[in-house]
Structures are given as structure tokens and as C-alpha cells.
Amino acid sequence: MYPLRRNRRLRTNGAIRSLVRETILTPNDFLVPLFVVEGQGVKDEIPSMPNYFRYSLDLLEKEVKELWKLGLKSVLLFVKVPDHLKDNKGTEALNPNGLMQRAIKTVKNACPDMLVMTDVALDPYSVYGHDGIVENGQIINDDTAEFLAEMSLSHAKAGANFVAPSDMMDGRILTIREALEDEGFTDTGIMSYSAKYASAFYGPFRDALDSAPVDVVDIPKDKKTYQMDYGNRFEALRETEMDIDEGADIVMVKPGLSYLDILRDIKNEVDLPVAVYQVSGEYAMIKAAAEKGWLDHDQIIMETTTAFKRAGADMIASYFAKDVVKLLND
Ligand code: PBG
């Protein structure tokens, strides 16, 4: 073939490279995770997530308006629940005037067309830091799934467009879908964290929400009985197919960078939109290396987020969403 075929011809200058580029990011590719806290005028930097913040509702409003101006049209809400409101069953999650419910309304008032997705899981509300109800040292499945359906309904009533169950209980997509249908929320979507691995990359997120599993005797100190084993590939497909059968509208792979193979597998097998989550530990790693001057922050965030899209992601939840979009606009 050589020299008739010289692959470098298509790389000779920026114009030809942009002409033949297969994967191009746009603001439409991103979901923006947002952390919400009680209070007034609070913009609290998360120590293990430099330049990422928890916002009180007043500043959340400002932030979402800024996101909207940048062309970011979807947010994924997480709340940090005060300790005194935590219990084993996540009771506070159903409070119609709880922080999540008020956050949903705040975003909708500030930006009516912003797509609001809400995290559905017990951990920020749980005294044990688990995604489900704990009984006799076990995270019990079916009662948790029923509870998550109630929680989803409460978010839908507050105005959420999508609920995003991140808990990995079996059967919860079905209980949630049925509850939403029964109450007439037929247009409320479900983005299922369908292939979610038990990962050490969630550490900074658990700092952000003070939601790590507690270190107490007879309580599991990790989430390995519900989140997936990172050695497994085919299990991710099983999980995803089941969630689709139960009524998921969007499925997800999480974390991101260490699971690009899983993302590609799932994209090849299913015909629903597939999301990926570039999680807190991935953010922290990049920030730390960039702070040391060992990696180029902006180049790394463009390369990693493009990699997700190339691997098959239809949307990317990322703490870098705003940075990436600013770079795209430059
Ligand atoms: C809670 C939840 C977690 C994340 C999203 N929802 C943490 C966990 O499962 O322990 C992680 C997100 C991140 O690390 O950025 N169910």
C-alpha cells in the first residue's frame, strides 16, 4: 500500500483534522451534577473536589442560570442532608418540603426549560450511609425498592422531569415506573444507573454529601452486596437489559474512564440512550495531577470526555461539563 496510502495526509493541518474528526462534543452531550445544601449564600468548595461546590438554594439559582446561558440544559441534583434528619429508612426523603423538593422547584423557577433529574437513593438520608434500608446487617431489597418508588413520586410531584435511581436494588425500576404511572406521572422519565460498579472512585462524592458507609460493627462497610464487582462484564449487560424491561428510559454506566469497554458493549447491545458518569474520583485525579503541573487540565478534560462519546455515550454526566463547554465556545 505504502506510499499510495499515507494515513498522515489526513493529519497534515488543523483544517483537515477537523474535517475528518469522527467525534465532536457539544453542550447537548452533558448532564451537570449539582450538590445542594441548606443555608443562605453558601458556596462551599468540596475539599477533595477543588473548584466544585455545594450551593444553597439562592446560589443554586444563579448557577443554573449560568449553565443555561452556556447551553447546558440538564442537571442532576444531589442533596447534602443535615445529620439530625438522617435515619435508617430515609424518612426525610419523602418530605414534600425537603431540600431536594425545594431544589427542584428552585431550578424550575429559575430556568423552566432546564431538564431536572434527581438522584434517587437512600445514602444521603441514611444514618448508615447505605443506599437502602439496613436490617440485621443486610441492605434489604424489596422494602427499599418500594421506598424508592415513594421517593421518586415525591420528586415528580415537586417537578422533576427524570428520576435517576442510583441504588442498584433489584426490581426498583419496575416499582418506580408503576408508582409514577399510577399517579399519572406518565411523562416523568427514569434514567437508571443500570451498570453501577462498587468503585473506589466515589470517595470524593461521599465527602461532598457526607454519605460514606459508616464504620459500625455488623453494618457492611462497603456497597459490594448491591453495586457490581468490577471484574464483571456480562453482568453489566444483564443488569441493563433487566432495567430496560422494567421501564428505564435511559441507562447508565458508572464510573466512566475505567469502564469504557462496558460502555461500548452496552451501546452495541441496547437501543436506548446510554449515559456515562465521569465520577468524583475521576475529577479529583485530574485536578490533583493538574495542580501538580503533571498533566494539562484542559487537554485532559477534552480528551476524556471525547473518549466517552467515542466509546458510545449518548450523554455524559461530568463535573467538568461547564469547563468543557467553555473550552468548546473558545
Ligand atoms: C449514591 C451515589 C453515588 C454516586 C452517585 N450517586 C455514590 C455511591 O454510590 O456511593 C457517585 C458519584 C460520584 O462519585 O461522582 N447512590
Study note, to complete from the structure: Taking segment 43-60 and the residues there that are within 18 Å of Asp323 (Cβ to Cβ) and among the hydroxyl-bearing types (Ser, Thr, Tyr), the one that is surrounded by the fewest Cβ atoms within 10 Å (Cβ to Cβ) would be Ser48
**Study point:** Candidate set from segment 179-199 (those that are among the charged types (D, E, K, R) and assigned to a loop (DSSP other than H, G, I, E, B)); member that is surrounded by the most Cβ atoms within 10 Å (Cβ to Cβ)
**Key:** Glu183
Check your understanding: In the list Gly247, Gly281, which residue meets the criterion of being in contact with a helix residue (DSSP H, G or I) (Cβ under 7 Å, 6 or more places away or on another chain) and over 30 Å from Asp323 (Cα atoms)?
Key -> Gly247
**Study point:** In segment 130-161, the residues that are surrounded by 24 or more Cβ atoms within 10 Å (Cβ to Cβ) and assigned to a loop (DSSP other than H, G, I, E, B)
**Key:** His130, Asp131, Gly132, Ala160
Point to revise | Residue that is nearest to Met242 (Cα to Cα) [pool: residues in segment 258-279 that are within 13 Å of the ligand (Cβ to nearest atom) and in contact with a Gly (Cβ under 7 Å, 6 or more places away or on another chain)] | key: Val276
Check your understanding: Does any residue of segment 102-115 turn out to be more than 16 Å from the ligand (Cβ to nearest atom), under 19 Å from Met252 (Cβ atoms) and either modelled with pLDDT of 95 or more or within 20 Å of the chain's Cα centre (by Cα) (or both)?
Key -> yes
**Study point:** Scope segment 5-38; condition over 24 Å from the mean Cα position of the chain (by Cα) and either among the small types (Gly, Ala, Ser) or part of a loop (DSSP other than H, G, I, E, B) (or both); matching residues
**Key:** Arg5, Arg6, Thr12, Asn13, Gly14, Ala15, Ser18, Arg21, Glu22
Review point. Taking segment 214-248 as the region of interest, how many residues are aliphatic (A, V, I, L, M), away from the ligand (no atom under 15 Å from the Cβ) and either in a helix (DSSP H, G or I) or in contact (Cβ under 8 Å) with a residue 40 or more places away in the chain (or both)?
Key: 6
Check your understanding: Taking the condition more than 20 Å from Tyr125 (Cβ to Cβ), among the hydrophobic types (A, V, I, L, M, F, W, C) and within 20 Å of the chain's Cα centre (by Cα), does Ala290 pass?
Key -> no
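Can you find, within segment 162-178, the residue that is nearest to Tyr55 (Cα to Cα) among those that are among the acidic types (Asp, Glu) and not in a helix (DSSP H, G or I)?
Step by step, filter segment 162-178, then rank; the result is Asp167.
The values are calculated or read from the model by the stated rules, or taken from the named source; none is laboratory data. Keep in mind that what you see is a predicted model, and the values were worked out from it rather than measured. Cβ coordinates were reconstructed from backbone atoms using ideal geometry, including for glycine residues, and neighbour counts include every protein chain displayed.
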